[in-house]
Amino acid sequence: MEFAGLKAIVTGGASGIGAATAQLLQERGAVVAVLDLRPEQAPEGVAAIQCDVSDDGSVRRAVQEAAERLGGIDVVANNAGVGAQGTIESNDDDEWHRVFDINVLGMVRVSRAALPYLRQSSHAAIVNTCSVAATAGLPQRALYSATKGAVLSLTLAMAADHLQEGIRVNCVNPGTADTPWIGRLLSAAADPEAERAALEARQPHGRLVCPEEVAAAIVYLASPLAGSTTGVDLAVDGGMQALRLRPRSAAS
Ligand code: NAD
């Protein structure tokens with residue numbers, strides 16, 4: 001119950017990794033607000049607030065409402081994000097701007113609006129949901145990877161800027177996680193089973209990451225117990241970034 005008395009907001013907390021994070025924060029004693037485009041799907045017990053992270057007015061209203069309903073903000077989990085597929089030829093400028101606006105500027109807007117509350121906290125932490133796509137070159141993910149590369153750099157810059165104000169900033173880098181997002185991706189594939197098998201095989205532990213495993217990493221980084229950890233990117237990817245294994249058939 002290390003979050004007892006602490007107040008947390010989770011963007012994109014109505015589905016997948018965000019919902020698992022909101023749930024775990026509650027189990028560890030936090031009071032939680034979920035800021036989401038579709039807040040009606042948020043886990044039970046949270047303050048569910050409608051918010052579009054690509055709209056600064058919407059973000060400011062939602063963060064203020066969250067702070068009023070929770071009685072302050074100690075933790076921000078910047079998790080809302082959207083996918084994009086293809087090479088640099090696949091998406092026009094409007095789509096590049098739209099995805100950057102959600103995945104990168106969304107985190108800027110939410111953090112900026114939350115800073116006055118975080119500065120009043122004695123356990124302030126921001127955790128950004130980044131991706132293995134920030135650190136490994138994945139095919140057909142040019143736009144998405146560029147946004148997550150920006151999130152990684154932004155995390156480091158924010159960690160430097162706000163350390164002396166007592167605000168820690170870290171990120172998690174999930175591999176492919178079994179969320180509704182990946183469900184949508186698979187159902188759009190020509191052969192969903194083959195696509196799922198290929199995604200599983202890409203991760204050295206041979207399966208997709210569970211949203212609860214990513215949530216556990218986010219909650220760890222947000223916890224007062226991690227008070228000396230800032231500017232870190234924590235991989236939750238079954239070894240996809242760091243390991244170079246031999247094929248299973250060629251054991252050891
Ligand atoms: P998801 O689609 O299950 O959930 C995303 C949530 O974000 C939804 O509830 C959606 O309504 C919300 N959202 C989308 N746009 C929004 C906006 N403009 N304003 C407010 N809320 C918005 O996705 P997920 O798989 O849980 O992904 C969550 C995060 O994890 C994303 O940042 C994603 O890039 C990252 N990630 C996912 C995977 C994966 O394989 N699933 C891997 C690495 C990183």
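The values are calculated or read from the model by the stated rules, or taken from the named source; none is laboratory data. Since this is a predicted model, take the numbers as computed values, not measurements. For neighbour counting, all protein chains shown are included, and Cβ atoms are generated from backbone atoms with ideal geometry for every residue, glycine included. Note: accessible area is taken over every heavy atom of the protein model, side chains too, but ligands, DNA and RNA are not part of it. Shrake-Rupley method; radii C 1.70, N 1.55, O 1.52, S 1.80 Å.
In terms of solvent-accessible area of protein heavy atoms at a 1.4 angstrom probe, what is the ranking of LEU225, LEU138, highest value first?
Descending accessible area places them as LEU225, LEU138.
Using a 1.4 Å probe and counting only protein heavy atoms, arrange ILE102, ILE9 so the residue with the most accessible area comes first.
ILE102, ILE9
Let me have the relative contact order for the chain, percent, based on Cα pairs under 8 Å that are six or more residues apart.
Value for the chain: 19 percent.
Tell me what the chain gives for mean residue ellipticity at 222 nm when only DSSP H runs of n ≥ 4 count, each as -39,500 (n - 2.57), the sum divided by the residue total, rounded to 500 deg cm²/dmol.
Roughly -13000 deg cm²/dmol at 222 nm, from the helical runs in the chain.
Scan around ALA47 for amide H atoms under 5 Å from its own, H built in the peptide plane at 1.01 Å from N, and keep only partners 5 or more places away or cross-chain.
HN-HN under 5 Å from ALA47: VAL32, ALA33, VAL34.
Could you work out, for the range 1-117, what percent of all Cα-Cα pairs fall into each 10 Å distance bin, beginning at 0 Å and stopping at the bin that holds the largest distance?
Computed distribution, short to long bins: 15, 46, 27, 9, 2.
By average Cβ neighbour count within 10 Å, what is the ranking of 127-137, 175-185 from highest down?
Top of the packing list down: 127-137, 175-185.
Test of understanding: given the chain, find the longest segment containing no GluC sites (Glu not before Pro) that are in a DSSP loop and have at most 11 other Cβ atoms within 10 Å.
The segment 90-252 is the longest one with no such site.
Using alpha carbons only, how many degrees (0 to 90, rounded to 10) separate the axis of helix 56-70 from the longest principal axis of the chain?
60 degrees
At 1.4 Å probe size, what's the solvent-accessible area of HIS123? Round to the nearest 10 Å².
80 Å²
What is the helix-to-structure angle for 16-27, meaning the angle in degrees between its Cα long axis and the longest Cα principal axis of the chain, kept from 0 to 90 and rounded to the nearest 10?
40 degrees
Using protein chains only and a probe of 1.4 angstrom, how many square angstrom of MET1 are accessible, to the nearest 10?
Looks like 150 Å² after rounding.
Inverting the mean 1/r over all pairs of different Cα atoms, compute the Kirkwood radius of the chain and quote it in Å.
18.3 Å
Over the chain, what percent of the accessible surface lies on carbon and sulfur atoms, probe 1.4 Å?
C and S atoms contribute 51 percent here.
Enter the angle in degrees (range 0 to 90, nearest 10) between the Cα long axis of helix 105-118 and the first principal axis of the Cα atoms of the chain, meaning the one along which they spread out most.
The angle comes out near 30 degrees.
Which order do TYR144, TYR220 take by accessible area at a 1.4 Å probe, largest first?
From most accessible down to least: TYR220, TYR144.
Name the residue, out of PRO116, PRO211, PRO43, whose mean-square fluctuation peaks in a Gaussian network model built on the chain with Cα pairs under 10 Å.
Taking springs between Cα atoms under 10 Å, the residue moving most is PRO116.
Which one, ALA201, GLY72, VAL46, projects farthest toward the positive side of the charge dipole computed for the chain from Cβ point charges (K/R +1, D/E -1)?
ALA201
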